[in-house]
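See below for the structure under consideration.
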């Protein structure tokens, strides 16, 4: 048993903490208000190797482990939650599956520039009528000569408005249900591909999401990722890793909310003393700090299992479920400690709370996590 | 980072698990009913080295470390929290003597605690009027030449009537009204003036005995003093830091028992034509229970790992104890709920788990005291 970070992991954490303090935190409120994509910051993240942390260096990434990825995600999200999810999608939902299932040729074209941050990737599984039940997707890909022709639409696609290539899941054989799903790398300059205006979201507003439309969208056959019918397996396996990213994002958001509340409590006075001297406030802070630590340990455990290459669906789901619900509770208490100031946009407490809410929904709702966990518990 | 026990730690856990399943499990229901102190079980645990897991081998301990001690506690508590708490307090007393005792005190008490000859060690800190705030204790030790004379009373003392050695905290300098005037002593049964009072009838953890102790002019040689004069409160607080890891481990074990029982019941019991485990309302309760358990286990083992590394553990131990005991309460409640009416009867194991779990939020520092410890530290760090 060893709960210590290695020197390398510490360095990654410190570098990201520093970057977040300088480049993200001072801008996060403005990006949120304006719904503005942090293009410059994302470019710099790429230069630091943070858009493909676990991708080997010769493929454009930083070649680090998943604990480092979790640490980086926490620190970046603490500075700006929207930037955090842009990075998480690039790492977990795009680079990870391309690295795992891509051919050498595909990696050259679709991984190297993405892991290094020159280009941006996205992951498109969800559709207007199919979110949690991914086997129900309606988008089709029909083989025609040496091409596939895609028709259908996707919804809520993070990085969709900015992405250069999107990993798209589509039905190649409807009769086989989820075993008839295949994965495709679709460059966004392909004819027949269009996207909607970005969604107007409650939180993580520095990150863009939108709907995607495929109308006779033809791509070469060599853009298929994995074999025909492998799509569902790729999609689900990818989400196990993605959950570590989102759980870490939730950690970062919660920590931002907690630290802000702690500082405010020491400064704000009521009844002649700082409110941090009242047990009602102290005990809220104690619970916030305790839950944060519990969540972090669940996240690190899942990341350590991924590093070992063993199955981690249940553990990732636990980390994601607990960390996201923790983040909502912690940031809500952060507002409570701020009183009225917590409810106005001049302070960041309300932003952290808004940002936290999505972590209970995307990359598998809390209900989907409970489904994954309970089937694991009942199977043992 | 690795979250799995190493081979030696896993071996200690396996020993505890096997003994708990084979020897403790058959006695659980009867011991709960009769409140009978499990003498034979304690002797057996002593033979296996589980009464002094984190005590140097030269004094008869297993010298297996704090993480192994926590793992052992989880295994025992997964079968019977009563046995676990007896063993937990004995381990805590043995570690305290190993850390602060004189060579004579160590030689005299540690092998007897470790082997089970003593049956138990006891920790005499709480008083009728001083629980969460031990610096307010009023038991008095007066110096007379090279001897001390003890007068006062203690309350809620686990194993106080069976222990071969009891650590007793008393005020040695009444001029100092706070913690600085407190000193620790080692008492043994049979000393003139030392008597056992009321045996509490508890709602749970019933075969662990909880008693009041009275000191009426108990005379002690100065050799019975543990640590230096005035060091008492520091000794108590450092022992409690370790003790809290033990209670956190106990609560983690209770959760595992509740999850195992609820899972088995949910797979077998049918409603609306299918096992209730297939209803999401029940399956999702199990998911939350398992998540709480895993988080509590990690919090507990992290605190134990810090203790092994010699780091300061006050914050981590308080967090583990707070988190695990509060989670345990929710988990046993959910386990009863999954059992429906059967959960409210003593025919199924979850009723006892429900009763046993309640005290985990109270002893060795209430949840409120843990929050006090945690918030003080984080306000200091901020």
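Over the C-alpha trace of region B:216-277, radius of gyration and Dmax come out as 23.9, 72 angstrom. Exposure proxy shown here: for B:19, A:341, the number of other Cβ atoms within 10 Å sets the order, fewest to most, as A:341, B:19. Mind pulling the angle between the C-alpha long axis of helix B:314-339 and the longest principal axis of chain B? Nearest 10 degrees, somewhere in 0 to 90. Tilt of helix B:314-339: around 40 degrees. Across the alpha-carbon atoms of chain A, the computed radius of gyration and Dmax are 20.7, 79 angstrom.
Considering all alpha-carbon pairs of region B:69-112, what whole percent are spaced by more than 15 angstrom? Of all Cα-Cα pairs in region B:69-112, 46 percent lie more than 15 Å apart. Once the convex hull of all Cα atoms in chain B is built, its volume per residue stands at 137 Å³. At an R0 of 56 angstrom, the distance between the Cβ atoms of residue B:144 and residue B:25 translates into a FRET efficiency of 0.65. Divided by 2.2 N^0.38 Å, where N counts the residues, the Cα radius of gyration of region B:205-352 comes to 1.41. Taken over the Cα atoms of region A:228-380, the convex hull encloses 118 Å³ per residue. Given 10 °C and 1.306 mPa s, compute D for the protein assembly as shown with the Stokes-Einstein relation, Rh being the Kirkwood radius over Cα pairs; round to the nearest whole µm²/s. Taking Rh from Cα pairs, D becomes 57 µm²/s.
Look at the stretch B:319-329: the mean tally of other chain Cβ atoms within 10 Å of its residues' Cβ atoms is 2.
The long axis of helix B:280-308 is offset from the longest Cα principal axis of chain B by roughly 30 degrees. Ordering B:288, B:173, A:14 from the fewest to the most neighbouring beta carbons within 10 Å gives A:14, B:173, B:288.
Would you please state the base-10 log of I(q)/I(0) at q = 0.10, 0.14 1/Å for region A:1-144, with intensities from the Debye formula using one equal scatterer on every alpha carbon? Calculated log10 I(q)/I(0) at the listed q: -0.39, -0.72. For peptide A:299-305, the mean count of partner chain Cβ atoms within 10 Å of a residue's Cβ comes to 3. What separates the Cα centres of region A:207-243 and region B:166-218 is a distance of 69 Å. The protection proxy used here, the mean number of other Cβ atoms lying within 10 Å of each residue, ranks peptides A:143-149, A:364-370 as follows, highest first: A:364-370, A:143-149. Separation of region A:7-26 and region A:170-187, taken as the distance between their Cα centroids, equals 39 angstrom. Given q = 0.17, 0.18, 0.24 Å⁻¹, what are the Debye log10 I(q)/I(0) values for region A:128-222, with equal point scatterers placed on the Cα positions and solvent ignored? Results for region A:128-222 at q = 0.17, 0.18, 0.24 Å⁻¹ read -0.73, -0.81, -1.28. Where only DSSP H runs of four or more residues are counted, the protein assembly as shown gives -16500 deg cm²/dmol as its mean residue ellipticity at 222 nm, each run worth -39500 (n - 2.57). Relative to one another, the C-alpha centroids of region A:109-148 and region B:311-382 are positioned 46 Å apart. Against the empirical 2.2 N^0.38 Å (N residues), region B:134-241 has a Cα radius of gyration ratio of 1.05. Put simply, when A:121-131, B:74-84 are sorted by average Cβ atoms within 10 angstrom per residue, most first, you get B:74-84, A:121-131. Convex hull volume of the Cα atoms of region A:4-75, normalised per residue: 86 Å³. Normalising the Debye intensity of region B:188-230 to I(0), with uniform scatterers on Cα atoms only, and taking log10 at q = 0.15, 0.18, 0.22, 0.31 Å⁻¹ returns -0.56, -0.70, -0.83, -1.07. Across peptide A:340-352, the mean count of Cβ atoms from other chains lying within 10 Å of each residue's own Cβ comes to 0. Note on region B:37-158: Cα convex hull, mean projected area over all directions, 8.6 nm². Pull out a ≥ b ≥ c, the square roots of the eigenvalues of the alpha-carbon gyration tensor of region B:80-137, then state rounded if a/c is under 1.5, prolate if not and a/b is larger than b/c, and oblate in the remaining case. Here region B:80-137 falls in the oblate category.
No value in this document is a laboratory result; all are computed from the given coordinates. None of the values given here were measured: they were computed from a predicted structure. Virtual Cβ from ideal backbone geometry, glycine too; neighbours counted across all protein chains shown.
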